[in-house]
Amino acid sequence: MAKSIISSYWCTSSVHLNKKREKSPKTQNGIALLSKKLTSRSNFLSSSTTPIACGTIFSLNSAKVYGTKTKILDINHEIWKFCNVGNLQKAMKLLFMCEKSELDIKSYCNVLQLCAEVKCIEDGKKVHSFIENNGVEVDGVLGSKLVFMYVKCGDLREGRRVFDEVANEKVFLWNMLMNEYAHIGDYKESVDLFCRMIEFGVEPNAYSFSCILKYFGALGSVENGEFVHGCLLKLGFGSDTTVVNSLIAFYFKCGRVESGVKLFGGLCYRDIISWNTMISGYVANGISEKGLEVFVEMLSLGVEVDLATMLCILACCADIESLLVCKAIHCYAAKAGFGEVMKFENTLLDVYSKCGDLDSAIRVFENMSKRSIVSWTSMLSGYARVGKSDKAIQMFHEMVSEGMKPDAFTITRVIHACACSGSLEDGKELHHYVKENGMESSLAVCNALTDMFAKYGSMQDALLVFSSMEAKDIVSWNSLIGGYSKNNQPNEALSLFLEMQDHTRPDGVTVTCILPACASLAALNKGREVHGYILRNGLSTDRFVANALVDMYVKCGALAIAVVLFDMIRVKDLVSCTVMIAGYAMHGFGNEAIATFNKMRQAGVEPTEASFTSILSACTHSGLVEEGWTFFHGMKNECKIDPRLEHYGCMVDLLSRTGRLSEAYKFTKSMPLKPDATIWGALLCGCRMHHDVKLAEQVADHLLELEPENTEYYVLLANTYEEADKWQEIKQLRHKIEPRWIKNRTGCSWIEIKGKVHIFDSSGNGHPEAMKIEFLLKSVRRKMEEQGCSSKLKYTLVNADERQKETSICGHSEKLAMAFGILNLQHGKTIRVTKNSRVCGDCHEMAKFISRNLGREILLRDSNRFHQFKDGSCSCRG
């Protein structure tokens, strides 16, 4: 039959006292035990019981603790005198000179207390060893002092060992241990200690309940917190302001705002902590406007604010980004005497920068009588936040020159600023500073360095930092994988992803980093494996993961799957819609792209520059001229977005492809921005496609002026001449070009089969199945010639035989990849090939022929779009 917790605590039977001296086993389900004890009787609280005050420490002269002694040895008095003046060395020297019989417990406790105060654990251990060697009984008083010494000196493990071996009736020790475990993040152990304390018969005080509520708040354990709420009400703590403040904080921490507000409203006496808890609770739950209302109510009731109040209300200002309120708080704080408190000033300059008023932040910083590392860090963070990375780096150098030693957080902030500045030299200088000052052991610093080098594109430096790290967390792996993906090193990203799984579990960020690598390689099978991992681990509800999946399937050519996944996204954001529009554009589904764009607008999602680039590209690939003009004008007139070069480029490309060359040329000449090579190149392609030699020559002049060494433009112009039978112009063009300028880009294509990516260049000689591939291609060429489908070889400005001419145009690596796919994939399987440049007309014709005569569907992704070949036709419609 269970006893009430209070009657158990006050039980004086010998059996109970002996039980208290035994080591109590760790409670398996402490909360359940507490529930059972507290609900066994309704009359919990005796009128004679009074909670022990929080933080009560033994009085060295208290007869209750040490008992009455009729004689105090002079040696004990001398030790006390040395401890009283803080002379630990003399006190210990005297202690070690004495015999056991000459010392009383107070002397040991005095020396241990001083060890704890000066945090000298080595001397504390020596005293502990002396006690054990002399055979002194470590009872509750001395044991408690030993626990206190170890915990205060930072050795929680040894403190806990001693604690478990002695009888502990002092509630403050239980509270201290609970707090120390919470400090290192071990909230579960804190909760277990609380339950053991109840089982042991030690009555919790207000501080105990405040602690346990804080732990349950950190754990997000609403049910257990509510149970403790009921317990403390039964024990008579319901009107204790300290405990109720903790309850309010707990409910706010768990998102139960209404419960916190109700408790605050029922408080008979509200101290400053009550008000501050309300303000900070509203801020934490994203209701900062309510926090401001509480502050105004405080002022109207004449409640005197403290520094914590001012910091809480500044957090409100930062959250709602209200510069006006921030300045008002600044004025009030200056009048109230907080204006020159460093902690307030540090927070104030940080809030000013978050509210976009960097000038005010600078004034606060310059007027500070004394600056800490936090001041400098807040200021350089403010510069970085508004994009002034160079100024942030300059602030860092000023800080170091003034003798201020940056901590890991400061270094991390300035590394991020370096990453935004794009200066590899600054980044390497900062890396050198980190190594010189022994900060490479900081995980946060190393992660920031890895990310910085990855953003610079210096993956070798990023890998060097990553490899030198003694310990790696999920951020470390994600930074390097994401860096490889963004810097066009997908194979390295995939290899690292596989290695990562031997050390740690990938999360949602990891898969959003690795999916672009799969997309870059068009590695559909790898992408499907990652998709399987996402489903098995419940990551598909993550919005970023869902968007990355859609993008991966789009770029791997599985448009139908991408559409299904896109439709499954419950709340489609700007990224989701833009990815889908771009996907439709790549596959030549212009009308579907327009429908998606219109639905996005109807849903209230405003398009950005990237959105308009995607929709204009969709119009280009589908030849939708009128629709293209509508979006282009709507971009400027309705959405107030000034077109950039890529938008003008889409329109020039659209007009050129549809044969409106004169209109395209006039549009290019009238642009408010200077046309780049991409825009003139699109117009030159249109001239060649529609055989406009005269305009091609004018356009080529602009191109050769911008990029004189780019051979693609010479080839395009030569092809235009050839198709117009202008052989003399071809000859002149050849003599005009110096041979050393001709540097043909190496064509490269790849295909994924059974999880392995096979890469082909123009020769294909290095592949194990090169002979089989060549035999198949010869067979296909022969059949094309028999059926009169052999395409005309284009002029390449290279003096060589016909075979060399053909190879020098684009490498024709896609032909090799297609042939390899035919040889190794079952009939009925789609052949998926990716190329790093545009597909040429010859390869395009061969792919059409294969799809018709061999009955194979081919999906070819070049640098511009997808080409889906089926039954002798292509989705690009020529």
Residue satisfying condition, being out of contact with any Lys or Arg (no Cβ under 8 Å at 6 or more places or on another chain), within 21 Å of PRO672 (Cβ to Cβ) and assigned to a helix (DSSP H, G or I), within set THR620, THR630, THR596 = THR630
query = Which residue pairs have Cβ atoms closer than 7 Å, lie 6 or more positions apart in sequence or on different chains, and pair a first residue in the stretch 145-164 that is over 16 Å from GLN113 (Cβ atoms) with a second residue that is outside any helix (DSSP H, G or I)?
reply = ASP164/LYS23
inquiry  = Condition first: hydroxyl-bearing (Ser, Thr, Tyr) and surrounded by 19 or more Cβ atoms within 10 Å (Cβ to Cβ). Can you find one or more residues in the stretch 668-678 that meet it?
reply    = yes
key: Among residues of the stretch 733-756, those that are modelled with pLDDT of 80 or more and either in contact with a Cys (Cβ under 8 Å, 6 or more places away or on another chain) or β-branched (Val, Ile, Thr) (or both), counted   = 2
task = Residue by residue through the stretch 423-438, note down the ones that are under 16 Å from LYS405 (Cβ atoms) and over 23 Å from the mean Cα position of the chain (by Cα).
result = TYR433, LYS435, GLU436, ASN437, GLY438
inquiry  = Any residue that is in a helix (DSSP H, G or I), at pLDDT below 75 and out of contact with any strand residue (DSSP E or B) (no Cβ under 9 Å at 6 or more places or on another chain) - is there at least one of those in the stretch 690-698?
reply    = no
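Listed residues ASN537, ASN525, ASN478, ASN488; which is touching a Gly at 6+ places or on another chain (Cβ under 6 Å) and either within 16 Å of MET552 (Cβ to Cβ) or free of Cβ contacts under 8 Å to residues at least 60 places away in the same chain (or both)? Quick ask: steps written out before the conclusion?
Details: ASN537 fails: touching a Gly at 6+ places or on another chain (Cβ under 6 Å); ASN478 fails: touching a Gly at 6+ places or on another chain (Cβ under 6 Å); ASN488 fails: touching a Gly at 6+ places or on another chain (Cβ under 6 Å).
Every option except ASN525 fails the conditions.
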request  = Take the stretch 412-449 and flag every residue that is closer than 19 Å to MET395 by Cβ and not in a helix (DSSP H, G or I).
outcome  = GLY422, SER423, ASN437, MET439
note = Considering the stretch 458-511, residues that are among the acidic types (Asp, Glu) and assigned to a helix (DSSP H, G or I), and then whichever is surrounded by the fewest Cβ atoms within 10 Å (Cβ to Cβ), we arrive at GLU499
task = Go through (1) crowded, with 24+ Cβ neighbours inside 10 Å; (2) not in a helix (DSSP H, G or I) and name the single condition PRO607 misses.
result = (1)
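The values are calculated or read from the model by the stated rules, or taken from the named source; none is laboratory data. Keep in mind that what you see is a predicted model, and the values were worked out from it rather than measured. All Cβ positions, even for glycine, are placed from backbone atoms using ideal geometry, and neighbour counts span all protein chains on display.
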